[in-house]
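FYI, it's all coordinate maths here, none of it is from the lab. If you're wondering where the values come from, they're calculated on a predicted model, not measured in any experiment. Neighbour counts run over all protein chains shown; Cβ positions are idealised from the backbone, glycine included.
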Amino acid sequence: MEPHRGWTIASSSWIFLRKRWLNREQELITVISEETKRMEEKEEAGYRSPTWSIQALQKFNKAKRLEGEAVMSAPPFFQSAGRGDLKIWRENDRPTVVI
């Protein structure tokens, strides 16, 4: 959206997140930009998002919250998601899958 903050996000993820960050689109854009930089650093170090195992853990533990994933890659099949002080959508549902 700005030359110094370029990133790519799947349209389905963008639509999902925009609905969760209602009336806070500029804040969401800033968060995605920061998260993109963070994920690029983690991926250069060998990190890969474990989406399939997260879904298995969710089903096994009947988890409602995901803690620790990036805003762009947090799967939407959780009722809430976040990382530390960052509340990606909703907050404090339990039980939780922690990455």
Along Cα→Cβ, 7 Å out, is where each label goes; now give me the distance between the ones at Ser12 and Ala45 in nm to one decimal. 2.9
Computed FRET efficiency, Cβ-Cβ of Leu22 and Ser73, R0 25 Å: what is it to the nearest 0.05? 0.75
Spin-label point model (7 Å from Cα, Cβ direction): what's the Lys87 to Ser33 distance in nm? 2.4
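Counting only helical runs of four or more DSSP H residues, what would the 222 nm mean residue ellipticity of the chain come to if each run contributes -39,500 (n - 2.57) and the total is spread over all its residues? It would help to have the intermediate numbers written out before the result.
Values: 3 runs with 41 residues, N = 99.
Value at 222 nm, helices only, nearest 500: -13500 deg cm²/dmol.
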State the number of lysine pairs found in the chain whose Cα atoms come within less than 25 Å, restricting to pairs 8 or more positions apart or on distinct chains. 10
Express the C-alpha Rg of the chain as a ratio against the empirical globular expectation 2.2 N^0.38 Å, rounded to two decimals. 1.07
Listed residue (Gly84, Ala56, Ile15) projecting farthest to the positive dipole end of the chain, Cβ model: Ala56
Among DSSP bridges having both ends in the stretch 11-98, what percentage is antiparallel? Round to the nearest 5. 35
Under 8 Å for C-alpha pairs, at least 6 residues apart: give me the relative contact order for the chain, rounded to a whole percent. 24
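Determine, for Phe16, Phe78, the number of other Cβ atoms within 10 Å of each Cβ, and report the residues in order from fewest to most. Before the final figure, lay out the partial values.
Numbers: Phe16 15, Phe78 23.
The fewest-first ordering by Cβ neighbours comes to Phe16, Phe78.
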